[in-house]
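The values are calculated or read from the model by the stated rules, or taken from the named source; none is laboratory data. Computed from a predicted structure; not experimentally measured. Here the Cβ positions follow ideal geometry from the backbone for every residue, glycine too, while neighbour counts run over all protein chains shown.
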Amino acid sequence: MAASDRRTVVITGASSGIGAALARACGARGDRLALLGRDRQRLDAVQAALPSDSIGLTADVGDLVALRAAADEILNRFGTPDVVIASAGVSVGTLVDEADDLAALDRVLRTNVLGMAASFQPFVAGMRARGSGTLAGIASVAGLRGLPGAGAYSASKAATIALLESMRVELHGSGVRVVTLAPGYIDTPMTRVNRYPMPFLMDADKAAAQLLALIDRQRRFAVVPWQMGIAARLMRWMPDALYDRLSARAGRKPRGLPL
């Protein structure tokens, strides 16, 4: 790929999980990468395995000052990117009757919702002016129905789905595309703490390949894998009484600090 043809792709949450897998998938095809992650050591390890040019910036998307500084460095080095993938996210089991879980709720919402919006914001004006660009957000099927013991995570992902839909409508006709991706269970550190069956569990690199293909096709909304997409549609339209009875017996993510 000629240097002039290479895309510049920004990925948050790139030090582990889906974000790291997306970095590997983009790197394999020669994209120029700007990777953001909280863990410097893990981010360095991801970068070291990439065949393409990349920069790694340490930033927690919940820290708006650090995130803006990282965005400014990306703009100074590369100009307005072609694609921004907001992949950073945290998850933890929460219960509404536990006072200690309010802090976890705050952390999850700040990272997964505010962090996503703040990851996109510095780049939107440049994309509008250029008349092109893709903003892709990693949501979750957990945002389609409230899951027991995961109120914070489900609420955050429902909010990201709505946020991305609002953005898509706001940017309609500008040339800037917004893609909402809702993975099911992906084999990452976030899911490995779960002690219950995870249907259609998917390898992270295989999931990243599918997610990247959907971003390239600029799909408005998609669930990965396709089997989970069918399950998600059934969940979405299931009568509340039936959903309540079935879900009340479902396994629950352990409570504790967000990953």
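Screening region 239-259 for residues that are in contact (Cβ under 8 Å) with a residue 60 or more places away in the chain and of a type in the set (A, V, I, L, M, F, W, C) and picking the one that is nearest to Ala99 (Cα to Cα) gives Leu257. Taking residues in region 173-202 that are on the phi > 0 side of the Ramachandran plot and exposed (fewer than 15 other Cβ atoms within 10 Å of the Cβ), and partners anywhere that are of a type outside the set (S, T, N, Q) and assigned to a loop (DSSP other than H, G, I, E, B), the pairs with Cβ atoms closer than 9 Å and at least 6 places apart or on different chains are Gly175/Gly131.
Is at least one residue of region 208-219 in contact with a Pro (Cβ under 9 Å, 6 or more places away or on another chain) and without any contact (Cβ under 8 Å) to a residue 60 or more places away in the chain? Yes, some residue in region 208-219 is in contact with a Pro (Cβ under 9 Å, 6 or more places away or on another chain) and without any contact (Cβ under 8 Å) to a residue 60 or more places away in the chain. Yes or no: Gly137 at positive phi, at pLDDT 95 or above and either over 15 Å from the mean Cα position of the chain (by Cα) or buried (at least 21 other Cβ atoms within 10 Å of the Cβ) (or both)? So Gly137 fails the test.
Residue pairs whose Cβ atoms lie under 9 Å apart, separated by 6 or more positions or on different chains, with the first residue in region 83-108 and of a type in the set (D, E, K, R) and the second part of a loop (DSSP other than H, G, I, E, B), are Asp101/Val92; Asp101/Leu95; Arg107/Gly62; Arg107/Val90; Arg107/Val92; Arg107/Leu257; Arg107/Pro258.
Close Cβ contacts (under 6 Å, 6 or more residues apart or on different chains) running from residues in region 5-26 that are assigned to a strand (DSSP E or B) to residues that are of a type in the set (D, E, K, R) comprise Thr8/Arg32; Thr8/Asp82; Val9/Asp31. Taken as a whole, region 217-239 holds no residue that is of a type in the set (Lys, Arg), surrounded by 14 or more Cβ atoms within 10 Å (Cβ to Cβ) and over 28 Å from Asp82 (Cβ atoms). Which number in (1) of a type outside the set (A, V, I, L, M, F, W, C); (2) out of contact with any Asp or Glu (no Cβ under 8 Å at 6 or more places or on another chain); (3) surrounded by fewer than 21 Cβ atoms within 10 Å (Cβ to Cβ); (4) modelled with pLDDT under 95 marks the one condition that Glu165 misses? Evaluating Glu165 over (1) of a type outside the set (A, V, I, L, M, F, W, C); (2) out of contact with any Asp or Glu (no Cβ under 8 Å at 6 or more places or on another chain); (3) surrounded by fewer than 21 Cβ atoms within 10 Å (Cβ to Cβ); (4) modelled with pLDDT under 95 leaves (4) as the failure. The residue that is surrounded by the fewest Cβ atoms within 10 Å (Cβ to Cβ), among those in region 92-134 that are of a type in the set (Asp, Glu) and out of contact with any Lys or Arg (no Cβ under 9 Å at 6 or more places or on another chain), is Asp97. Does Gly62 satisfy the criteria of being within 27 Å of Asn194 (Cβ to Cβ), under 17 Å from the mean Cα position of the chain (by Cα) and touching a residue at least 60 places away in the same chain (Cβ under 8 Å)? For Gly62, the condition - within 27 Å of Asn194 (Cβ to Cβ), under 17 Å from the mean Cα position of the chain (by Cα) and touching a residue at least 60 places away in the same chain (Cβ under 8 Å) - is not met. All of (1) surrounded by fewer than 16 Cβ atoms within 10 Å (Cβ to Cβ); (2) under 30 Å from Arg252 (Cβ atoms); (3) among the small types (Gly, Ala, Ser) hold for Ala213 with one exception: (2).
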